[in-house]
Amino acid sequence: MNPFVVGTYISKEYFCDRRVETESLEEHVRNGRNVVLFSERRMGKTGLIQHVFHDLRIKKDFHCLYFDALACGTLQEFTFALSNSIFRSLKKESGFLEKISSFFRTLKLTMSVDPNNGSPEVSLSLGDIKQPEKTIEEAFSFLDSLDKPVILAIDEFQKIASFKEADATALLRGIIQTKKNIRMIYAGSEFHLLSELFVQGRSPFYQSASMMHLNPIDKKEYFLFAEEKFRDSDKTIPEEIFYRIYTRFFGCTWFIQSILNRLYSVTQEGNVVSEEMLGKVLSTIVQEQGVFYRALLSDLSLNQKSLLLAIAKEGTVENPTSTAFVKDHSLSSVSSAQSSARTLLERGILQKNDRGLRIYDYFFLEWLKKEYF
C-alpha cells in the first residue's frame, strides 16, 4: 500500500516520529492527569491520539474512546456524539447491553444482535436525546463504572464554548470533575478559545488540565521517514525536494502527507522524484479542489473576498484590522475588515495562531495565488 497515509491511522509502521509526544501523552494519562492537546489544524493531533490508543500496553490497561465535536453546535449534539462513541467502542464488552440499560435511563434505546458476529447493536438518533443534561451525566457515570480506567479524547473541544446553552461549560466541568475513573484528552486547534476555557480564571475548566502543544514533526526526522518509505519500493526522494515541501507547507503534516502520497504513486520503481513531478502533483491537487474553492469564494461578500485576498498576499497577518493594513490593501474600512475577519474565522476559512491570522487550508492558499496573483 501507499505508505503515506492521509486521513486515518493504520499502524505504527506508517506513523512518523512523535516519540517524545507519545511518551508525554501516555505519561499524563497513566498518572491521572487530564490533558489539553493543541496545535494548528491538520498538524496530527488525531493521529497522535490514535497512535497512543493503539499501543498494546495502553489497550490492556484502559478503555479508549474518541469522538470529534467539530460538528456539534448544541449540548444535544455533543451528547449524541458522546453516546454513539460509547456504543461503538464498547459494544463487545461483556454484559454491555445490560449495563447500558441500567445507566441510560433517559434514552429509549433500540437494541439488537448482529447476526453475522453476535455483537450487540444499539440504534440511537439525535432526536432520542430529549434531556441532554441528564443523558450526559448518565454517559459519564457509565464510563466511570467500567472495570478499567477510561481515556476519553474529544477533538475540537473548544466548540463547547459556542453552545447555545449558557451553562454547558459549567455542566460538563461539574460532571467530569467527579469521575475518578476517566482521563480526559481535550484536543483542539483554536488556541485562543482553548485559552479562554483552560487558562482564564473565570472559566469552570480553569487549570483543570495539563497543556501540551503539538509542534511540526522535526524536519530531519520527517525526511528520514519519507526517504525510507520511498527506498523500500526502490524509489528516491531527494532531500532538497522534501525540504522544499516541508518549508512551503510550514511542516503541517496533513498537507505534506498528501503531497508525498501523490509523489509516491507517480514515481516508478528505480526513479527519482523531480522538481517537475512535484510541480505537476501540486498543480493537480489544487486543480482538483478548484471547483470547491470557486464555490466557497462565490459565497463570500465583496468585503470578505477583499480581506481574504489581502491575507493571502501577505501570508500571516498580525493585525488585519489596523488602519495601515486596510489602507495598504485598499479595503473599504476598518469596521468592514473587523466584520469580515470575524465571519471568516467563524466559518473556519481563516485561523488564528500566535503570529496572527492566516488562511487555514494551504491548498486553498495555493489556488488563490495561482488564480489572483
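The values are calculated or read from the model by the stated rules, or taken from the named source; none is laboratory data. This one's a predicted model, so the numbers in the text were calculated from it and none came from an experiment. Neighbour counts run over all protein chains shown; Cβ positions are idealised from the backbone, glycine included. Ligands, DNA and RNA are stripped out before the accessible areas are found, and what is left, the full protein with its side chains, is counted by its heavy atoms. Shrake-Rupley method; radii C 1.70, N 1.55, O 1.52, S 1.80 Å.
Below are the figures for this structure:
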item	result
Candidates 365, 357 - the one that is out of contact with any Asp or Glu (no Cβ under 6 Å at 6 or more places or on another chain), at pLDDT 95 or above and within 25 Å of residue 213 (Cα to Cα)	365
Those residues of region 195-213 which are over 28 Å from residue 146 (Cβ atoms) and under 18 Å from the mean Cα position of the chain (by Cα), in sequence order	195, 213
Flag if residue 293 is surrounded by 14 or more Cβ atoms within 10 Å (Cβ to Cβ), under 25 Å from the mean Cα position of the chain (by Cα), more than 20 Å from residue 5 (Cα to Cα) and not hydrophobic (A, V, I, L, M, F, W, C)	yes
Residue check, residue 288 acidic (Asp, Glu), open to solvent by 10 Å² or more (accessible area, probe 1.4 Å) and under 26 Å from residue 215 (Cα atoms)	no
Residue pairs meeting the criteria (Cβ under 9 Å; at least 6 apart or on separate chains; first closer than 21 Å to residue 161 by Cα and aliphatic (A, V, I, L, M), in region 77-89; second part of a helix (DSSP H, G or I) and open to solvent by less than 10 Å² (accessible area, probe 1.4 Å))	82/135; 82/136; 82/139; 82/140
Options 305, 369; residue that is surrounded by fewer than 14 Cβ atoms within 10 Å (Cβ to Cβ) and assigned to a helix (DSSP H, G or I)	369
Tally of residues being under 15 Å from residue 224 (Cα atoms) and outside any loop (DSSP other than H, G, I, E, B) across region 243-263	8
Residue list for region 222-249, filter: among the acidic types (Asp, Glu) and under 26 Å from residue 366 (Cα atoms)	227, 239, 240
Any hit, region 20-33, residues being in a loop (DSSP other than H, G, I, E, B), in contact with a His (Cβ under 8 Å, 6 or more places away or on another chain) and in contact (Cβ under 8 Å) with a residue 40 or more places away in the chain	no
Residues of region 47-91 classified as among the β-branched types (Val, Ile, Thr) and open to solvent by 50 Å² or more (accessible area, probe 1.4 Å), total	0
Looking only at region 217-241, and only at residues there that are within 29 Å of the chain's Cα centre (by Cα) and outside any helix (DSSP H, G or I), the one that is surrounded by the fewest Cβ atoms within 10 Å (Cβ to Cβ)	218
Every residue from region 242-276 that is polar (S, T, N, Q) and open to solvent by 50 Å² or more (accessible area, probe 1.4 Å)	247, 265, 268, 271
Filter pass, residue 153 being within 22 Å of the chain's Cα centre (by Cα), modelled with pLDDT of 95 or more, closer than 25 Å to residue 104 by Cβ and surrounded by 15 or more Cβ atoms within 10 Å (Cβ to Cβ)	yes
Per-region count, region 206-252, residues under 22 Å from residue 35 (Cα atoms) and aromatic (Phe, Trp, Tyr)	1
Tally, over region 129-188, of residues that are closer than 28 Å to residue 347 by Cα, assigned to a helix (DSSP H, G or I) and in contact with a strand residue (DSSP E or B) (Cβ under 6 Å, 6 or more places away or on another chain)	2
